[in-house]
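Engineer: If you scroll down you'll find the structure; I have some questions about it.
The values are calculated or read from the model by the stated rules, or taken from the named source; none is laboratory data. Computed from a predicted structure; not experimentally measured. FYI the Cβ positions are ideal-geometry reconstructions off the backbone, even for glycines, and counts take in every protein chain you see. Only protein heavy atoms, including side chains, enter the accessible area calculation; ligands, DNA and RNA are left aside. Shrake-Rupley method; radii C 1.70, N 1.55, O 1.52, S 1.80 Å.
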Amino acid sequence: MSSNDTIRLLLIHDTPTEAQRLVSMLHNAGCPNRAQHVASEAALAKLLQDKAWDLLIAAENSQQVPPAVALRTISKLQKDVPVLLLTERSGAQPAVEGLKLGARDVITVDEDQHLLLVIQRELTALANRRVARLHDQRYHATLQRAKELLDSSKDAIAYVSDGLIVYANDSFAERFGYRSNEDVEYQPLIDMLTEGEQEAGREFLKQCAIDNNEVEAREWKFTAKTASGSPLPTRAQVLSTVYDDERCLQVHIASRSGDTEELEAKLSDIKNRDPLTGLYNRQHFVQLLDSAIKSTAGTQRTGGLIYIEVDGFEETVQKVGGVAGADALQKNMAELLQSSLRRGDMIARYGDESFCLLIPETTPNSAEQRTRELLKKISDTIFDAAGKTLQITASVGISLLSEASGNAQKVLDQALHAHKQAQQKNPKGNGFALYEPDADKEGDADTYHRARVVQALEAGKLKLLYQPILSLQGSGEQIYEVLVRLVDGKDQLSPMAFLEALGDAGLSTKMDRWVTLTAIKAAAAQRAKGNEVSLLLHITAASLLDSGLPAWLAVAFKAAKVPPKAVTFQLRQEDINSNLHAARDFTKQVQDLGCRVAVCHFGIGLNPFKALEHVKVDIAKVDASFVREVQDDGESGETLANLVKQLNEANTKVIVPHVEQASMLPTLWQTGTDYIQGFYVQAPGEEMNFDFSLD
């Protein structure tokens with residue numbers, strides 16, 4: 001599960017205060033959750049049947065619902081809900097007893113770090129099981145579709161296991177003069193060969209089974225014997241595969257022959273080539289890379305992927321030579337790289353200014369040496385670009401591939417990561433880096449992330465995005481939520497996620513002030529054009545503790561000529577719960593200025609309305625998990641409707657976020673929702689240009 005996902009948590013504990021402590025501890029540790037306290041076996045059974053839950057934490061000594069009863073109920077209903085037990089006893093005996101009952105683990109009370117690690121492990125395992133079940137469903141659906149395609153294919157296809165034809169389509173039967181596939185299934189394939197070729201055919205099929213090659217089909221030329229006994233020269237492709245969960249060989253005989261076959265091969269090659277350079281295109285290269293990874297399975301071979309990107313392509317090439325010059329350079333680069341290929345190498349054009357070189361067998365030292373040679377060759381070459389001469393450099397990322405690599409995308413991501421490292425080490429270009437998994441130590445990553453945010457603030461590499469919030473009640477308000485993004489190359493990342501994870505209070509408050517000042521200036525420009533926009537601005541926990549912020553805001557509003565009523569400050573519910581007094585004081589002070597205050601992720605925790613007794617917010621944005629239950633999981637909207645109803649009764653406006661489908665609108669109309677936000681309305685954009693008149 002993603003760290004941003006809300007955990008749906010069941011709690012069994014006879015002491016409510018201890019249950020609340022667990023909820024708060026999880027929130028403070030960055031694990032947002034919607035917790036439900038369970039007071040009886042009947043209540044547990046109903047909760048399990050009504051919704052999907054991610055985790056159950058139970059006190060070992062609970063009397064209201066003994067853990068054994070809870071585990072038996074989960075097993076009886078066949079629900080996949082991991083159970084963790086909390087014990088006050090020491091020693092191994094509690095763990096032994098709990099594991100025998102069926103619990104996933106037993107943790108000593110107050111060992112919060114241990115509990116958090118176990119929770120993360122179990123949630124990851126649960127997510128993997130859910131993905132596995134989804135893949136299993138898709139796998140069987142794919143098998144069914146494949147079976148339908150096989151049955152209707154004009155190509156003759158058969159599957160052979162231990163010499164017997166376990167499946168043949170009608171085209172296969174017709175090819176050899178039989179009335180239907182039933183006439184050839186479960187017959188020895190060798191019997192369909194002429195007598196003089198049966199022994200050679202038997203040896204060929206035996207060797208194919210031994211090689212167990214699932215990547216490259218082997219060609220098999222033989223003379224078949226039709227149902228009438230006539231000889232039939234045949235050419236087939238034989239590949240190792242699985243049919244009905246059994247290892248077998250696929251025998252594929254194409255329906256086309258002669259010139260048509262040759263033309264098909266030429267068309268296929270054209271489809272796989274980049275029209276400008278003649279190199280393999282990106283799509284085909286990914287397939288080749290996947291095949292190369294699979295072919296290393298069961299071997300000790302190590303291959304290499306070298307990602308090559310021209311440094312400063314836009315400035316050094318496009319602006320100098322224009323489109324024609326850029327095209328000419330790409331062709332020249334392709335020729336240079338092709339001239340450097342060795343036996344077995346494959347080269348492809350990956351992007352507008354990048355190439356990928358696949359080396360089937362190499363070592364880290366060899367891959368680095370090849371890269372040095374390539375970089376020198378590129379930097380020493382004077383390129384002709386549409387009548388202009390260019391001298392360029394490139395930066396390279398290297399990723400090794402083996403049977404443990406997984407898939408092509410993972411290897412490509414590693415090479416791209418190494419390329420970024422190369423650019424960081426050599427800002428002027430002409431450098432390379434080899435991807436090393438152990439290089440990303442947590443402490444180093446924290447330092448790296450903080451440095452990125454500091455550098456972005458200083459260099460102006462941050463930008464704001466605006467997502468409209470639409471009124472369902474026709475209020476006419478033009479509200480935009482303000483999102484901040486760090487521009488890192490071609491990626492756009494959320495620096496707030498870095499800062500909140502790092503717990504860097506000083507940098508968080510600095511970021512909040514920068515976002516606020518930049519956003520209200522943009523709003524002032526819009527209001528000067530007659531667009532009465534208002535903003536929803538996120539405030540971090542660190543800014544809640546910044547006693548000087550309200551006074552600074554008053555000055556900022558006055559300088560920007562933006563009325564405070566045009567700004568709403570948004571606090572996370574978990575931050576309010578953890579800093580109740582500071583949140584209360586901040587809320588009162590900014591409301592006295594004329595601003596509104598909103599709470600987001602509302603609805604998580606055991607009693608979300610408790611905090612609102614102390615912190616009087618104007619707007620509540622419900623947690624996205626309530627929306628996903630209805631929109632993605634197909635659950636009823638009853639829980640969401642009840643939450644909105646309670647907020648309406650408390651005179652609190654409601655925003656429902658993450659609305660992506662029109663099918664959500666009837667439910668939201670009926671609940672009395674005030675505002676909606678999400679991709680159904682509009683994705684975040686760089687301009688405040690949404691047409692609110694459409695509402």
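Engineer: Out of Val323, Pro67, Asn531, whose Cα points farthest toward the positive end of the dipole of the chain (charges: +1 Lys, Arg; -1 Asp, Glu; placed on Cβ)?
Structural biologist: Asn531
Engineer: With the cut-off at 1.5 for a/c, could you classify the chain from its C-alpha gyration tensor as rounded, prolate or oblate?
Structural biologist: Note, shape of the chain comes out oblate.
Engineer: While we're on this one: How much length is gained on full extension from Asn607 to Arg121, taking 0.36 nm per residue of separation minus their Cα-Cα distance?
Structural biologist: 172.3 nm
Engineer: Report, in debye and to the nearest 20, how large the dipole of the stretch 562-659 comes out about its Cα centre when Lys and Arg carry +1 and Asp and Glu carry -1 on their Cβ.
Structural biologist: Magnitude of the dipole: close to 480 debye.
Engineer: Which of the peptides 100-107, 593-600 is most tightly packed, and how do the rest follow, going by the mean number of other Cβ atoms within 10 Å of each residue?
Structural biologist: 593-600, 100-107
Engineer: Tell me the per residue accessible area of the chain using a 1.4 Å probe; a whole number in Å² is fine. Please report the intermediate quantities before stating the final value.
Structural biologist: On the way: 35130 Å² over 695 residues.
Per-residue value: 51 Å².
Engineer: Here's another thing I want to ask about it. Test of the criteria: in the stretch 134-167, which trypsin sites (Lys or Arg not before Pro) are in a DSSP loop and have at most 13 other Cβ atoms within 10 angstrom of their Cβ?
Structural biologist: Taking the stretch 134-167 and a limit of 13 other Cβ atoms within 10 Å, the loop trypsin sites (Lys or Arg not before Pro) found are Lys154.
Engineer: Of the peptides 364-372, 412-420, how do they stack up when ordered by the mean number of other Cβ atoms within 10 Å, highest first?
Structural biologist: Listed from highest to lowest mean packing, they are 412-420, 364-372.
Engineer: Given a Förster radius of 25 Å and the C-beta distance between Ser578 and Asn61 as r, what FRET efficiency does 1/(1 + (r/R0)^6) yield to the nearest 0.05?
Structural biologist: Step by step, r from the Cβ atoms, then E = 0.35.
Engineer: Please calculate the 1.4 Å probe accessible area of Ile576, with all protein chains present, and give it to the nearest 10 Å².
Structural biologist: Number for this one is 0 Å².
Engineer: As a test of the formula, what do you get for the chain when each DSSP H run with n ≥ 4 contributes -39,500 (n - 2.57) and the sum is divided by the residue count, at 222 nm and rounded to the nearest 500 deg cm²/dmol?
Structural biologist: -14000 deg cm²/dmol
Engineer: Let me ask you something else. So the label point goes 7 Å from the Cα of His140 along Cα→C-beta, right? Which residues of the stretch 229-250 then have their backbone N under 15 Å from it?
Structural biologist: Residues passing the 15 Å test: 244-245.
Engineer: Right, here's the next one. Considering the dipole of the chain built from charges on the beta carbon (Lys and Arg +1, Asp and Glu -1) around the Cα centre, which of Ser180, Ala29, Gly548 is farthest to its positive end?
Structural biologist: After comparing all options, I get Gly548.
Engineer: About its Cα centre, what dipole magnitude does the stretch 97-166 give when the only charges are +1 on Lys and Arg Cβ and -1 on Asp and Glu Cβ, stated in debye to the nearest 20?
Structural biologist: Dipole magnitude for the stretch 97-166 comes out near 360 debye.
Engineer: Show me 47-53, 225-231 ranked by packing, highest mean number of other Cβ atoms within 10 Å first.
Structural biologist: 47-53, 225-231
Engineer: Right, next: Could you name the lysines in cross-link range of Lys428, using Cα to Cα under 20 Å and dropping any fewer than eight places away on the same chain?
Structural biologist: Within reach: Lys319, Lys376, Lys377, Lys420, Lys461, Lys490.
Engineer: If you roll a 1.4 angstrom probe over the protein chains with everything in place, what fraction of the accessible area of the stretch 1-61 belongs to carbon and sulfur, to the nearest %?
Structural biologist: So the carbon and sulfur contribution to the accessible surface is 51 percent.
Engineer: Counting only the heavy atoms of the protein chains, how much of Asp112 is accessible to a 1.4 Å probe, in Å² to the nearest 10?
Structural biologist: Its heavy atoms expose roughly 40 Å² to the probe.
Engineer: What residue among Gln283, Gln682, Leu189 has its Cα farthest toward the positive end of the dipole of the chain, where the charges are +1 on Lys, Arg and -1 on Asp, Glu, each on the Cβ?
Structural biologist: Checked the options; the winner is Gln682.
Engineer: Now, a different point. For the stretch 523-681, calculate the relative contact order in percent as a whole number, restricting contacts to Cα pairs under 8 Å that are 6 or more residues apart.
Structural biologist: Computed over the stretch 523-681, the figure is 16 percent.
Engineer: Oh, and also: With both bridge residues required to lie in the chain, what share of the DSSP beta bridges run antiparallel, to the nearest 5%?
Structural biologist: Counting only bridges with both partners in the chain, antiparallel ones make up about 60 percent.
Engineer: In debye, nearest 20: dipole of the chain around its Cα centre with unit charges on the Cβ of K, R (+) and D, E (-)?
Structural biologist: 1720 debye
Engineer: When the label point is put 7 Å from the Cα of Glu635 along its Cα-to-beta-carbon vector, which residues of the stretch 69-87 have a backbone N closer than 16 Å?
Structural biologist: 79-82
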